[in-house]
1. As an exercise: evaluate P433 against (1) part of a loop (DSSP other than H, G, I, E, B); (2) farther than 14 Å from G634 by Cα; (3) touching a residue at least 40 places away in the same chain (Cβ under 8 Å) and give the number of the one condition it does not meet.
2. Which of the numbered conditions does D539 fail, given that it passes all the others? Conditions: (1) closer than 21 Å to D474 by Cβ; (2) among the acidic types (D, E); (3) surrounded by 17 or more Cβ atoms within 10 Å (Cβ to Cβ).
3. Enumerate the pairs (first residue in the range 545-571 and within 15 Å of P515 (Cα to Cα); second residue anywhere and at pLDDT 95 or above and among the hydroxyl-bearing types (S, T, Y)) with beta-carbon separation below 7 Å, excluding pairs fewer than 6 apart on the same chain, so at least 6 apart or on different chains.
4. From (1) within 11 Å of the ligand (Cβ to nearest atom); (2) in a helix (DSSP H, G or I); (3) open to solvent by 10 Å² or more (accessible area, probe 1.4 Å), pick out the condition that doesn't hold for L454.
5. For G523, state whether it is under 30 Å from V426 (Cα atoms) and not assigned by TED's automatic domain parsing to the domain that holds N406.
6. Testing T205 on (1) surrounded by 22 or more Cβ atoms within 10 Å (Cβ to Cβ); (2) in a loop (DSSP other than H, G, I, E, B); (3) among the β-branched types (V, I, T), one condition comes back false. Which one is that?
7. Among the candidates G486, G445, G475, which residue alone is buried (at least 24 other Cβ atoms within 10 Å of the Cβ) and within 16 Å of the ligand (Cβ to nearest atom)?
8. Looking only at the range 395-411, how many residues end up being more than 12 Å from E377 (Cα to Cα) and either in contact with a Phe, Trp or Tyr (Cβ under 9 Å, 6 or more places away or on another chain) or open to solvent by less than 10 Å² (accessible area, probe 1.4 Å) (or both)?
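The values are calculated or read from the model by the stated rules, or taken from the named source; none is laboratory data. What you see is a predicted model, and the numbers here were worked out from it, not measured in a lab. Cβ coordinates were reconstructed from backbone atoms using ideal geometry, including for glycine residues, and neighbour counts include every protein chain displayed. Surface areas here come from the heavy atoms of the whole protein model, side chains and all, with no ligands, DNA or RNA. Shrake-Rupley method; radii C 1.70, N 1.55, O 1.52, S 1.80 Å.
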Amino acid sequence: MPTHYLSEHDVAVLEIDNPPVNALSLEVRTGLIAGLERAAGDAAVKAVVIAGAGGSFPAGADINEIASGAAFQPPILLDVIARLESLGKPTVAAIEGLALGGGFELALACHARIAAPAARVGLPEVKLGLIPGSGGTQRFTRLAGPQAALEAITSGEQLSAARALTLGLIDAIAAEAPRAAIDCARRLAAEGAPPPASERAQKITGVDPQLFARWRAAHERKFRGQLAPWRIVDAIEAACTRGREEAFQLERQYYLQCRESPQRKALMHVFHAERAARRIPDVGGEVEPLPIRRAGVVGAGTMGAGIAICFASAGIPVTLLDVSPAALESARARIRELYGQSVERGKLTRGQADAAFERISTASRYEALGEVDIAIEAVFEDPALKREVFEKLDRSTPPHAILASNTSTLDIDGLAAATGRPQQVVGTHFFSPAHVMKLMENVRGAASSPRTLLTVMALARRLGKIPVLAGNCDGFIGNRMLQYYGAEAERLLEEGATPEQVDDVIEAFGFAMGPLAMRDLAGNDVGWAIRRNRALPPDERWSPILQRMAEQGRLGRKSGHGFYRYEGGKRRHNPEALALIEAVSRELRVERRSIGEEEILARLLHPLVNEGAKILAEGIASRPGDIDVVYVHGYGFPPYKGGPMYWAEQDGLEKVIATMERLAPSHGMRWRPAPRLIEAAGRGRWS
Ligand code: NAI
């Protein structure tokens, strides 16, 4: 039985036992109701403790039940909670490990909650396009107030036990949480029969009436186009402004609305795709990953410093090596500052931040890497320099060590050839800022061994990243596709669009930033430098716009102007940029015209999808979902639209074909619809 009934004299302990995370499956819910009935019928039982076996409270609903999108089979969690509330005996949740989603809703419905010091709680439903539907938004708000509820539930973040205690979400922290919960239950029973929970806190008072209007205005941009975050705000507002019954019913109504939405379906797709991406189709479970006890990072620039933070925060000692003492010094200062910010934001305690910082040592000589299990190279994007670094790494690291490159485009096999251990060479492409961005695009070289691949996939998870394995080609999955998107943005400018029009369409679609604002952020000199080294087929051309921008010192944010002007960090229309664009149109004898939003969207996103189809056909990506994960976690594609491949499948693959057929004559044969796309469109699905 997934729920055990354990008797502690006058306290009944209902222990949920459904490994690995004690998900609230149908059997668990049935078991809980049976346990509550038994406790209700036993006069000797004065109170009930709900706990999880194996060191965790339920970490949520059964994902397969959510995935189906259908109604849960009764008894549903609401039934369990209703039985709990009508019990007439005090109930206490003993929280160890994780109490998330429905698990935390169950705990919130108890009279008290005792958590172990390392426990984490939260309502992450928003990440799957849902809102808590069993009173979670209501009880959280009643306990912690609307401001904390808005922040925690719309972000879906996990809260530490210490934070939960400060917010009033739990009653105490105890090393032996189940034991302390039993004591607490006994105490509550001795204090007399508690009122049923439904009688407690009828309504929240003293809430600033402007709070919700202010909050909505401040988050308008962040949650634009999304359903679940706004429904969460509505539910929390209801908790503060409506009667208890009505507010609980509204929450349920909003939950059902979210459950039916295409956004939930898309987010569920991403959830499954992330899990599927961890598996390498032709590498089985017979090999074990190499244990990583110590790491080295070569190049202490933007990426190297961020990668070092990833290791240190995951508890792995790391040596950061750079030829430039100044680079090492500034990396240390930056890392210290970032850890300081984590402490200020309550993400880490001072002790945790100091311990992590101390795991990072710096070095200027390769001998310092004599004990590493993996070295990640993050020097300038220069093939000759990188080869030289790989030769040195091959000589200075232990023979078993894996040598990885953070290159965003370069040939992994070329680097492997510079070493005597090509089977241990692999790409580990992090995204900027490396300590924040979730994606790790690992790149398989021709000789990369199964063990090497499994090691970097496992390492990604240890670093808190989401791994995808890509094949070795120019730009791998992400940047190979991106070049079409970037190139097309400029062609749209040549034909008559303004930077604002292009970016607005993409931002309204759900990306945080449009392609031209992105160019300004990365630096137009950087963009041009990358492009300059790229070969094009003879029937293609680059728009001259980017090159002109770079040559005229219109570098973007760092020079104060590029596609936009920047004033106090805000982007503004730049008439000079428009003049430059119009001059290019004239030179190219392109008659400028007004371009509709639909055309802009199709011309930016459909080439991504078409290239994605080629990437699939070539085996650079193993599954369409892998490409979606790369775009969602590395390139800002809105997760609630599922990623480019999923989105195109939902929207109609034949539309992608139509766009590509239209573009190929003017853009070159490489833009023709890919055979894999045509085949998928015939089926209406990628597979
Ligand atoms: P960066 O210019 O900030 O840092 C490069 C560092 O390498 C400098 O500190 C330099 O002193 C050091 N270096 C140069 N030669 C060295 C050598 N022989 N030995 C040791 N250190 C040496 O560069 P960034 O942006 O961090 O990029 C590094 C790599 O990461 C590149 O391959 C780049 O393509 C890739 N990448 C960059 C991303 C970004 O957004 N900046 C994103 C993803 C990958």
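1. Result: P433 passes all but (2).
2. It fails just one condition, (3).
3. R557/Y566; R571/Y564
4. (1)
5. yes
6. T205 satisfies every listed condition except (1).
7. G445
8. Going through the range 395-411 one residue at a time, the tally reaches 5.
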